[in-house]
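Worksheet: one structure, shown below.
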Amino acid sequence: MRQFTDFFAWEYNDLKKVDKNVIQHKIPLEKDTVSFKQKLRPMNPLLFPLVKKEIKKLLDAKIIVLLKYSKWVENLVVVRKKNGEIRLCIYFRNLNKCSKKDNYPVPKMEHLLQQVSGAKLMSFIDGFSGFNQIVVHPDDQ
């Protein structure tokens with residue numbers, strides 16, 4: 001019998017990976033798109049040990065890979081969680097501006113909640129586990 005904890009990813013290594021032969025995420029860019037390299041912003045030196053530890057965890061779990069030369073560069077944004085730990089974020093604003101838009105955007109949360117009201121079961125799938133499961137196509141890494 002499966003445990004309740006089997007359904008959640010508590011650490012990066014707990015994330016299940018989708019086979020890249022089944023699906024790979026491809027970033028569709030508009031025609032004649034020029035890559036963008038954001039100007040480097042300084043980071044608080046007191047956060048360096050925490051950031052280094054978090055990056056090591058991401059590398060060990062193979063969620064991120066080391067790239068020497070990239071056409072797209074955005075700064076790392078460090079967000080402190082309520083429990084004192086940190087989360088590393090990258091806002092690809094410039095990449096998002098250049099990517100083709102989906103004709104079917106994600107529905108508003110209020111509409112989704114109205115549809116599930118009165119349901120006996122509900123699943124809470126967060127973006128943390130969802131975005132890390134699908135491999136990005138090598139051309140778009």
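The table below gives the values:
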{"item": "Residue 57 vs. criteria exposed (fewer than 11 other Cβ atoms within 10 Å of the Cβ), modelled with pLDDT of 85 or more and either of a type outside the set (S, T, N, Q) or touching a helix residue (DSSP H, G or I) at 6+ places or on another chain (Cβ under 9 Å) (or both)", "result": "no"}
{"item": "Evaluation of residue 102 against (1) surrounded by 10 or more Cβ atoms within 10 Å (Cβ to Cβ); (2) at pLDDT 80 or above (one fails), failing number", "result": "(1)"}
{"item": "Selection from the range 60-108 of residues that are within 23 Å of residue 43 (Cβ to Cβ) and of a type in the set (Asp, Glu)", "result": "60, 74, 85"}
{"item": "Pair list, Cβ < 7 Å and 6+ apart or interchain, from the range 38-50 residues that are in contact (Cβ under 8 Å) with a residue 12 or more places away in the chain and in a loop (DSSP other than H, G, I, E, B) to residues that are charged (D, E, K, R) and surrounded by 10 or more Cβ atoms within 10 Å (Cβ to Cβ)", "result": "38/74"}
{"item": "Selected residue [modelled with pLDDT of 85 or more and under 20 Å from the mean Cα position of the chain (by Cα)] from 97, 17, 71", "result": "97"}
{"item": "Extreme residue, nearest to residue 136 (Cα to Cα), among residues of the range 63-100 that are of a type in the set (S, T, N, Q) and assigned to a loop (DSSP other than H, G, I, E, B)", "result": "70"}
{"item": "Residue in the range 107-130 that is under 30 Å from residue 60 (Cα atoms), in a helix (DSSP H, G or I) and modelled with pLDDT of 80 or more present", "result": "no"}
{"item": "Sole exception among (1) surrounded by 12 or more Cβ atoms within 10 Å (Cβ to Cβ); (2) in contact with an Asp or Glu (Cβ under 9 Å, 6 or more places away or on another chain) for residue 37, by number", "result": "(1)"}
{"item": "Count - residues of the range 63-99 that are loosely packed, with under 11 Cβ neighbours inside 10 Å, free of Cβ contacts under 8 Å to residues at least 40 places away in the same chain and of a type outside the set (D, E, K, R)", "result": "7"}
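The values are calculated or read from the model by the stated rules, or taken from the named source; none is laboratory data. Not measured: the values here are computed from a predicted model. Because the Cβ atoms are built from the backbone with ideal geometry, glycine has one as well, and the counts that use them run over all protein chains shown.
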